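Written out below as structure tokens is the structure these notes cover.
The values are calculated or read from the model by the stated rules, or taken from the named source; none is laboratory data. What you are looking at is a predicted structure, and each value in this text was computed from that prediction instead of being measured. These accessible areas exclude ligands, DNA and RNA; they are computed on the full protein's heavy atoms, side chains included. Shrake-Rupley method; radii C 1.70, N 1.55, O 1.52, S 1.80 Å.
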Amino acid sequence: MTTKAQSYLTHFRNIGIAAHIDAGKTTTTERILYYTGRTHNIGEVHDGAATMDWMEQERERGITITAAATTAKWKHSGSGEEYTVNIIDTPGHVDFTIEVERSMRVLDGAVAVFDSSQGVEPQSETVWRQADRYGVPRIAFSNKMDKTGASFELVLGDIRERLGAIPAPIQYPMGQESDFKGIIDIVRQRAHTYTNDLGTDIQESDVPAEYADKVAEMRAQLIEAAAEVDEDVMMKFLEGEEPTVEELVAAIRKGTIEKRIFPVLCGSALKNKGVQLLLDAVVDYLPSPLEVPAIKGTLEDSEETREFPADPEGKLAALAFKIMADPYVGRLTFVRIYSGTLQSGSYVYNATKEKRDRVGRLLRMHANSREEVTELKAGELGAVIGLKDAGTGNTLIGDGDERVLLESIDVPEPVIKLAIEPKTKADQEKMGIGLQKLAEEDPTFRVESDQESGQTTISGMGELHLEILVDRLKREYKVDANVGAPQVAYRETITRAVDVEGKFVRQSGGRGQFGHVKIKAEPLEPGAGFVFENAVVGGTVPREFVGPAQ
Ligand code: GDP
């Protein structure tokens, strides 16, 4: 039962937008922030105007590294009610898997963005599997419907074949590629036609005659899928009656939260088509913090567990999920509050570090501004200024409360290592300090120094990961460094190998980090050739991606 104190949570959605690099995650996020009214210019992603990718480097490389949490408001077009949508940024590159991991831990639902001309790409598969592992309900957005080669059917087929999930299209595109004109809402049987590329002029109408049969067929399938998860819809279905729109939405919502239904939407973020409908779908189908299982904690020194349901009046339970050095205020600790209320100026207990720590100021981050608040309540995400010891994955509880550790974030072992030395010997100490600070922010980045040789080595999740950190060392700490050749710190982890025809080859070995099955990939017949699927980095292996055990 929802208490009065918890009622605001029904209008909360904590979501991540996950995708393969280049699928359009940044553009989609930007448009979402634009339509939620917090940003006022639609910036092209790679021209430096993107709001989420605000680190200089990210702009240059066009990838998202930081997992910032941004708060936005959305008024549902149907009900007119206002919702708080917290967007937790997830990166699209394999080297930053830890970032994906930590965002998966703190979000309640996800939007998986696919490039309709590419279908489901390897990295999208990885992200999908991570979402499976964390039990994250999700909806899929088939983006770039305007692009040459775009095909909604391709995405639906790939979701079925590559992801092994049953897609439930709740929309159908009117035209594809340069002919992409609009979107049919299959649930409500309404057509949304866009007369320009700015998303400012949208006409709503009945389903055009040419699409009527197709839409009727798809709606019948959708109702059947909904009937599988909802008794009321099933009863009506058996009696040959149609559910009402509200009943159908409620059933799809139930199925999505139970991860038995994956609604699929389509659109073009770049051409401003379908983003408002996507936001409505986030509200319609993704869970509120009250609809996800309560986070569990284990009592210190015992096996006993405690649950922390989302309740602002409950005991404080929060997870630090990202540490960031901020040029203005110093160290920012991003937290998700699961239960209770975090007050500025209060003391908390860091159960992971076994230390008391003081909360200074609290910030709610918006796309273009920061709002200072005096408290963050259950279900909210925000940043804390002042915490000295909190690291990624640390549990924060009330000072003096029963000591529990929340389920944390898996930190994978680094896979690649290289020697580093400053170009100028005098910079040795400065380099040490810089590397230490960078390692504090990123638990997958390790720094070691060999006492005998005096050599410093750094290790991380891949060449790009280390390259970026060496770059940051130069920019932020003004230390120019030379690096040696990469060595493999942790050899290949492959979850599955298939031969050239897609036939499963073999897998061997036990569970490693992330719960991966380590396998030795060898063709069954000599010379048959094979390709790796889910192969991790590590210099000698084709870098496809990381995935959980099959
Ligand atoms: P990310 O790497 O997933 O964040 O992808 P971006 O949002 O940076 O987009 C990658 C590229 O695809 C950019 O050049 C975008 O302009 C382009 N793009 C994004 N969305 C669309 C779309 O809907 N249609 C087309 N044609 N291009 C898009």
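Heavy atoms only, probe 1.4 Å: what % of the accessible area of the stretch 433-479 goes to carbon and sulfur, would you let me know?
Details: 1010 of 2290 Å².
Percent of accessible area from carbon and sulfur atoms in the stretch 433-479: 44.
Suppose all protein chains stay in the model; what accessible area per residue would a 1.4 Å probe give for the stretch 280-417, in Å²? Please list the in-between numbers first.
Details: 5480 Å² over 138 residues.
So the stretch 280-417 comes to 40 Å² accessible per residue, rounded to a whole number.
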